[in-house]
Each structure stands twice: as C-alpha cells, then as structure tokens.
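The values are calculated or read from the model by the stated rules, or taken from the named source; none is laboratory data. Just so it is clear, the structure is predicted and the values come from calculations on it, not from any experiment. Don't worry about glycine lacking a Cβ; one is built from the backbone with ideal geometry, like all the others, and counts go over all protein chains shown. Note: accessible area is taken over every heavy atom of the protein model, side chains too, but ligands, DNA and RNA are not part of it. Shrake-Rupley method; radii C 1.70, N 1.55, O 1.52, S 1.80 Å.
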Amino acid sequence: MSSPRIYDLPTRVFHWTFAGLFVAAYAIGSTVDDESPRFVLHMLAGGLLGTAVLLRLLWGVVGTRHARLSDFSLGPTALGRYLHGVLSGHARTWTGHNPASSWAALLMMALALGLGATGLAMVGGAAPETVEEIHEVLANAFLTVALLHVAGVLVHVLRHRDALPLSMVTGRKRGIPAGETDVRPHAGVAMAFVAVLVAVGASVVSRYDADRGRVTLFGQTLMLREADEDAGQRTGDHDEQADQDAHARGEQTEHVPHG
C-alpha cells in the first residue's frame, strides 16, 4: 500500500475555500440583521461561493483524473455498499471520492448555485417573497448535507483509524493499492483560482455605494441592503444647495457691467 497524491492543489483549495465561504455566509446571515451595513458581507461571501463553484465545475471537466466530475461515484448501489461497509467496518478504500463524498459534493455544489441564483434574484429587486423562503430552505439544506458529510467522515475515521481528512490537506491518501501514480499538483491553476476570487471580490467592493447600499455590475444595479436614508438626505441637500449656489453665481455674472 502506498500514499500517492490523489487530489491536486486546485481541488484542495476549492474544498476549504468552499467550506469557509459557506460558513461565513451562513453565520452572517443568521446573526446580522439584513438592514445592517455588515449584512453586505453575507452577499459578498455568497457571490464568491457561487463563483467558486463555477470554477470548480470547469476544473471538473479539464482537471486531473480524480478532480473530474466523471470520477465521482454516483451509483445508488455503490453508495449502499459503501455505507454498509462503513458501518460494518469493512468498507474498501476508494482512490478518489467515495460514493458518500461524491454525493455530498454534488449536492452542496448544486445547493450553492441555487443559493446564488435566488440571492441574485433578491438583490435584483424583481423576486417575490417566496424566493426568499426558497433561499432559506436551500441554506438549511446545505447545512444539513454539510453536517452529514462531516459526521460521515468522523464515522469513517473512527471505524478505520485512518487519516482521511488529511487527504484534502496534503493531497495524499493512505491505503491506495500499488500502481496509482501521483497526479500533477497544478499550483499555478490553484493560484489562478484564488486570484479570480480576489479579483471578483475586489471588483464588487470597488463598485459598492455604501450610502445607497447598492452595486452596479454589468449595467445592472443590485440592492445589497436598504439605503442609508440619512446619508441620502444629506446628499440630496448638498446637491440642492450646490445647484442654488451655481444659479446665484450665474445671476451675479449676468449683472456684472462690462467696460
């Protein structure tokens, strides 16, 4: 038995970024009032979560063999046998994603895209109230799947005494039959993945109007929170005063005698 590199760096970076962004979005959404200026961080984390999933799906098509979606084991029979093996202590070691983690990953990515779509509809201002309810259902479903996934990993570790979670840190998995070769790490792709997320986040932040609680992207105005009415009033008063001053200056210019 050997410990080859099974998961490339982009896959591992996505795994922990995906988890961190969901925890951040869920925690903020559950503890911060949606009229608070801090609630915009929930929107930002959710948007980056959806962006990360799109990048992961792309890598799932062109990435290394165990990063590809085609490597996921999604057969119901395989899932049943795997769960029975875990509970009985005779589960075999899967080189890539086992059936349970394959289903968990697929469901969480689908739920993340659903959260992104409903969230975008809400900030776009054209969504009925039922969309907000669907958004909350999707968030709770995501949390449920995530907790079941963590519980499954813990059961696996306790039953088999292996270091399965470390495979998403080091990329290497113990107990793999001889003959499995290391996949390429693709550090450059991982850096590009992070760079895209940073660029997207920075772009949103740079276009965010904190006084009005909105951001304009691709010609579309998105309301990320309720506008600051006091700031808006102050802005309006300032503009009105500026117009009055300009008008007064114009009148004075008209009455200046010319030599």
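Restricting attention to region 2-47, the residues that are of a type in the set (A, V, I, L, M), under 18 Å from residue 203 (Cβ atoms) and surrounded by 23 or more Cβ atoms within 10 Å (Cβ to Cβ) total 1.
On the stretch given as region 201-220, residues that are touching a residue at least 24 places away in the same chain (Cβ under 8 Å) and farther than 30 Å from residue 149 by Cα total 7.
Of all residues in region 158-173, those satisfying the criterion of being more than 22 Å from the chain's Cα centre (by Cα), in a loop (DSSP other than H, G, I, E, B) and either buried (at least 16 other Cβ atoms within 10 Å of the Cβ) or in contact (Cβ under 8 Å) with a residue 12 or more places away in the chain (or both) are 162, 173. Out of curiosity, is residue 227 in contact with a Lys or Arg (Cβ under 9 Å, 6 or more places away or on another chain), under 26 Å from residue 106 (Cβ atoms) and modelled with pLDDT under 90? Judged against the criteria, residue 227 is not a match. Residues that are in a loop (DSSP other than H, G, I, E, B), hydrophobic (A, V, I, L, M, F, W, C) and open to solvent by 50 Å² or more (accessible area, probe 1.4 Å) do occur in region 61-79. Report whether or not residue 92 is at pLDDT below 90, of a type in the set (D, E, K, R) and either in a loop (DSSP other than H, G, I, E, B) or closer than 27 Å to residue 193 by Cα (or both). Yes, satisfied. Among the residues making up region 178-200, those that are more than 17 Å from residue 7 (Cβ to Cβ), touching a residue at least 12 places away in the same chain (Cβ under 8 Å) and either outside any helix (DSSP H, G or I) or touching a Leu at 6+ places or on another chain (Cβ under 6 Å) (or both) are 178, 197. Scanning region 171-196 for residues that are among the β-branched types (Val, Ile, Thr) and within 19 Å of residue 59 (Cβ to Cβ) returns 183, 189, 194, 196.
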